[in-house]
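Just so it is clear, none of the values below were taken in a lab; they were calculated from the coordinates. Since this is a predicted model, take the numbers as computed values, not measurements. So basically every Cβ, Gly included, is an ideal-geometry build from the backbone, and we count neighbours across all protein chains shown.
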Amino acid sequence: MIVVAIDDEEQAYLAVLCDEIFGRANHIGTLIVQSKPSGRTTDSYFATCHEYLHIYSKQIGLPTINFLELTDEQKSQYTEGTGKNLFRWRDFLRTGGLSTPEERPNSYYPIYYLPEKKQISLEKTSEKQIEILPLDSNGRKRVWRKTRPSFLEHVNDNEIKIEQNKSGQWKVRIIDKIKEGTRPKSVWTDSKYDASAHGTKLLKNLFEGQKVFSYPKSIHAVKDVIEIFTEKEGDDIILDFFAGSGTTAHAILEVNKEADSNHQFILVEQMDYVESVTVPRVEKVIKKENLGDFIYCELMPYNQAYMDKIQTAQSSEELVALWRDIAENSFLNWYVNEQMPEEAVKDFIAIDDMEKQKHLLAALLDKNQLYVNLAEIEDADFAVGEEDKRLNRAFYGE
């Protein structure tokens with residue numbers, strides 16, 4: 001299962017990109033999550049208050065969707081019965097989509113009611129019976145929620161009642177039993193999805209009031225996605241390829257604790273804040289809740305080490321020295337001449353803009369060789385330690 005979270009500005013482009021990568025046929029749905037109820041004050045026209053979750057399956061038809069647990073407000077609507085047998089009475093009249101006799105002819109029929117004996121029937125056997133047709137408040141023909149055979153089953157099970165409303169109209173009601181959950185909707189507006197209250201503030205509390213990350217997601221949005229697509233008490237592996245502040249790991253740890261599950265996570269992040277935010281956050285949550293442990297690893301840099309040196313260089317002379325080192329010891333792009341004519345060096349120094357110089361130098365490097373490949377782990381030039389070798393073999397199952 002693939003879930004891609006994007007904001008409004010990226011929506012159109014990434015929706016097309018996801019279709020190309022995962023296949024349009026495997027698109028399960030797109031959720032709109034109200035992540036900032038107040039809206040962005042920096043927007044020129046409409047105040048953006050939402051983001052999108054694009055959901056794809058590896059193969060359509062394979063995944064199942066779990067229902068979300070009922071909220072306290074939803075549970076409070078079921079006031080009849082006790083325990084697992086709670087229920088409410090709802091209108092037996094269907095008024096939404098596909099609710100006309102033309103669309104559902106088998107669900108349009110009269111119901112007969114004898115008030116004196118509280119008898120409900122589909123047959124007229126007495127002049128004292130009241131005929132009730134499925135008509136809406138405007139007198140238009142609608143249909144009942146069930147066909148005749150199903151209706152009679154509910155009557156026999158005492159799950160149908162007929163009563164008069166305040167205006168004297170006879171209304172047919174059917175029992176609506178409380179369910180374990182509700183089908184997830186395509187628009188999420190609950191206050192728990194507020195990224196400020198349940199993302200930014202949550203993170204600040206973990207880091208003693210410091211704002212260490214901009215725009216972390218609400219932990220509840222991530223938890224609900226996990227609960228929809230994983231089994232309770234299961235042991236799924238969840239991959240977050242853009243880990244950010246580590247909300248996914250935090251959410252999985254909480255889900256494991258609440259549902260007694262054993263889900264695992266793999267986080268991937270390329271930005272430097274992984275050391276100051278992502279990893280410390282996971283460590284803090286694990287320590288606070290005594291929830292287990294995790295391993296943090298970094299890819300062994302090769303050309304990336306040169307990229308870092310290019311970015312931190314302070315002078316053209318330093319960049320020229322780097323150029324010579326790169327030409328001798330790094331992987332260059334196929335079109336780069338490894339020889340360094342002095343005229344080229346002079347032209348490079350003559351560029352009166354260090355950012356342009358850095359850009360040109362970075363273009364020399366083969367970006368496919370930023371990190372050491374597993375196949376080269378035994379190459380003596382990379383000097384990979386025995387402990388790192390053992391870790392890699394264990395990680396890749398070798």
Full-extension gain between ASP308 and ASN158, please, as 0.36 nm times their residue separation minus the C-alpha to C-alpha distance.
46.5 nm
Any idea which of MET271, LEU202, LEU135 is furthest toward the positive side of the dipole for the chain, if Lys and Arg beta-carbons carry +1 and Asp and Glu beta-carbons -1?
LEU135
Between ALA363 and SER276, what is 0.36 nm times their sequence separation minus the Cα-Cα distance? Round to one decimal in nm.
28.4 nm
Difference of contour (0.36 nm per residue) and Cα-Cα distance, ARG183 to ILE21:
55.6 nm
Pairwise label distance in nanometres, TYR13 with ARG324, each label 7 Å out on the Cα-Cβ vector
4.1
Quick one: compute the contact order of the chain, relative version, from alpha carbon pairs under 8 angstrom and 6+ residues apart, as a percent.
11
Net charge within 15 Å of GLY97 by Cβ-Cβ distance, Lys/Arg positive one each and Asp/Glu negative one each, not counting GLY97 itself?
+2
On a 0 to 90 degree scale, rounded to 10, what angle separates helix 386-395 from the longest Cα axis of the chain?
30
Past the 30 Å Cα-Cα mark, which pairs from LYS192/LYS284; LYS232/LYS367; LYS75/LYS211?
LYS232/LYS367; LYS75/LYS211
Share, in percent, of DSSP beta bridges within the chain that are antiparallel, nearest 5:
85
Measure nothing but the geometry: give the 0 to 90° angle between the long axis through the Cα atoms of 354-364 and the longest principal axis through the Cα atoms of the chain, rounded to 10°.
80
Chymotrypsin sites (Phe, Trp or Tyr not before Pro) lying in DSSP loop within the range 189-248, provided at most 12 other Cβ fall within 10 Å
PHE241, PHE242
Loop sites in the range 257-346: GluC sites (Glu not before Pro), DSSP, at most 15 other Cβ within 10 Å
GLU298, GLU338
Mark the label point 7 Å from the Cα of GLU231 along Cα→Cβ and return the residues of the range 39-64 whose backbone N is within less than 15 Å of it.
63-64
Quick one: angle between helix 11-22 and the longest Cα principal axis of the chain, in degrees between 0 and 90, rounded to 10, please.
80
Order of TYR108, TYR78 - criterion: other Cβ atoms within 10 Å of each residue's Cβ, fewest first:
TYR78, TYR108
